[in-house]
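Asker: Okay, here's the structure, questions in a sec.
The values are calculated or read from the model by the stated rules, or taken from the named source; none is laboratory data. Computed from a prediction, not measured in an experiment: that's the story for all the values here. Neighbour counts are summed over all protein chains in view; Cβ atoms, including those assigned to glycine, are modelled from backbone coordinates with ideal geometry. SASA here: full protein model, heavy atoms, side chains in, ligands and nucleic acids out. Shrake-Rupley method; radii C 1.70, N 1.55, O 1.52, S 1.80 Å.
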Amino acid sequence: FTKRALDKLKEGKENQEGHVYYDKEQIGKIIWYNEIISREMKHLTAILDTINDFLISDHLQVEEVNLRFLFGEVIDAVRDSRVHFSEKYEMEEKPILDPVKIKMLVLNILINAKEAILEERKRHCPDNHYRGEIEIAVCANSANENLFDITISNNGAMIQKEDLPKIFEPFFTTKKSGEGIGLAVSKRIVTAHKGKISVECEPITRFIISLPMKMR
C-alpha cells in the first residue's frame with residue numbers, strides 16, 4: 001500500500017508554476033492507502049507488544065500486593081455496561097508477587113471473558129433476557145496454606161472441549177481478530193510465579209489460578 005500511494009503521488013499533474021495537482025479520485029486513493037498503512041502499523045505494534053510481553057514474562061519484580069486495589073484497576077480498564085462484574089474476597093493477607101505481571105495475567109483473562117460474553121449476547125439478540133456476568137473470587141487454598149486461589153468465572157460463550165488442551169498454546173486462537181498470545185502470556189506469568197492455572201468449561205467457564213502467598 002506504500003508503493004500504491006507513491007504511484008498515485010507520481011500521477012499528479014504539474015502546471016506551469018510547478019505546482020502539482022490531483023483529482024478527487026487520486027486524493028481519495030492516497031488517503032485510503034495511508035489509512036490502511038496506519039491501521040496495519042498499529043496492528044503490527046500490538047503483535048510486537050504481545051510477543052514482547054511473552055518474552056519478558058519470566059522476569060519478576062515482587063512486592064506486597066493489595067489484590068482488591070489491583071483487581072479494581074483491571075476491572076476499570078475493561079468495564080463495559082453490557083457486562084456485570086462482581087468480586088468476592090475471602091482473604092485479607094497481601095501476597096508477595098509481581099503486581100505488573102499479575103495485572104497483565106488478570107487483564108488477559110478478563111478481556112477473553114468479556115469477549116465471550118459479547119459473543120454470547122449476539123446469540124440472544126433481540127432477546128434482552130441474557131445478562132453477562134464476570135465473577136472474581138480470591139480465597140486461601142484449601143489444600144496448601146502457602147497458596148491462594150484466584151477464580152475468574154464468566155457465563156459467556158463456552159470454550160469448545162476440543163480446544164481446551166490448546167488454549168494456552170502460543171498463537172492458538174479461535175477469534176477472527178487476535179494473535180493468540182494473551183493466554184499463553186498468562187500461563188507463562190503463572191509458571192514464573194511457581195503457580196498453576198487451569199480452566200473448566202462446565203457449567204460455565206472458570207479459570208482457576210493457584211499462586212504462592214510469598215514469591216521471593
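Asker: Which one of these is more than 14 Å from the chain's Cα centre (by Cα) and modelled with pLDDT under 80: 170, 165? Please lay out each step first, then the result.
Answerer: Details: 170 fails: more than 14 Å from the chain's Cα centre (by Cα).
Answer to the selection: 165.
Asker: Here is a follow-up. Considering only region 182-216, state which residues are in a loop (DSSP other than H, G, I, E, B), within 13 Å of residue 101 (Cα to Cα) and at pLDDT below 90.
Answerer: 215
Asker: So, one more: Residue by residue through region 197-216, note down the ones that are surrounded by 14 or more Cβ atoms within 10 Å (Cβ to Cβ) and polar (S, T, N, Q).
Answerer: 205, 210
Asker: Being farther than 26 Å from residue 108 by Cβ, among the acidic types (Asp, Glu), open to solvent by 80 Å² or more (accessible area, probe 1.4 Å) and part of a loop (DSSP other than H, G, I, E, B) narrows it down to one of 17, 25, so name that one.
Answerer: Details: 25 fails: part of a loop (DSSP other than H, G, I, E, B).
Selected residue: 17, the only one of 17, 25 that is farther than 26 Å from residue 108 by Cβ, among the acidic types (Asp, Glu), open to solvent by 80 Å² or more (accessible area, probe 1.4 Å) and part of a loop (DSSP other than H, G, I, E, B).
Asker: Can you tell me which of (1) closer than 17 Å to residue 71 by Cβ; (2) open to solvent by less than 60 Å² (accessible area, probe 1.4 Å); (3) part of a helix (DSSP H, G or I) is the one residue 103 doesn't meet?
Answerer: With (1) closer than 17 Å to residue 71 by Cβ; (2) open to solvent by less than 60 Å² (accessible area, probe 1.4 Å); (3) part of a helix (DSSP H, G or I) applied to residue 103, the lone miss is (2).
Asker: Continuing with this model, one more query. What is the residue count in region 145-169 for residues that are surrounded by 12 or more Cβ atoms within 10 Å (Cβ to Cβ) and not in a helix (DSSP H, G or I)?
Answerer: Narrowing region 145-169 to residues surrounded by 12 or more Cβ atoms within 10 Å (Cβ to Cβ): 147-159, 163-164, 166-169.
Remaining after also requiring not in a helix (DSSP H, G or I): 147-159, 167-169.
So the answer is 16.
Asker: Yes or no: residue 39 open to solvent by 100 Å² or more (accessible area, probe 1.4 Å), touching a residue at least 12 places away in the same chain (Cβ under 8 Å) and not in a loop (DSSP other than H, G, I, E, B)?
Answerer: Values: open to solvent by 100 Å² or more (accessible area, probe 1.4 Å): yes; touching a residue at least 12 places away in the same chain (Cβ under 8 Å): no; not in a loop (DSSP other than H, G, I, E, B): yes.
So residue 39 does not fit the description; no.
Asker: Just to be sure, is residue 179 surrounded by 15 or more Cβ atoms within 10 Å (Cβ to Cβ) and at pLDDT below 80? Spell out how you get there, then give the answer.
Answerer: Numbers: surrounded by 15 or more Cβ atoms within 10 Å (Cβ to Cβ): yes; at pLDDT below 80: yes.
Yes; evaluated as a whole, the condition is true for this residue.
Asker: Which residue, of 31, 47, is modelled with pLDDT of 85 or more and exposed (fewer than 14 other Cβ atoms within 10 Å of the Cβ)?
Answerer: 31
Asker: Does residue 81 qualify as being surrounded by 11 or more Cβ atoms within 10 Å (Cβ to Cβ), at pLDDT below 90 and hydroxyl-bearing (Ser, Thr, Tyr)? If you could, list the steps in order and put the result at the bottom.
Answerer: Working: surrounded by 11 or more Cβ atoms within 10 Å (Cβ to Cβ): no; at pLDDT below 90: yes; hydroxyl-bearing (Ser, Thr, Tyr): yes.
Judged against the criteria, residue 81 is not a match.
Asker: With the requirement that a residue be part of a strand (DSSP E or B) and more than 19 Å from the chain's Cα centre (by Cα), what does region 63-85 give you?
Answerer: Listed by number, the residues that qualify are 63, 64.
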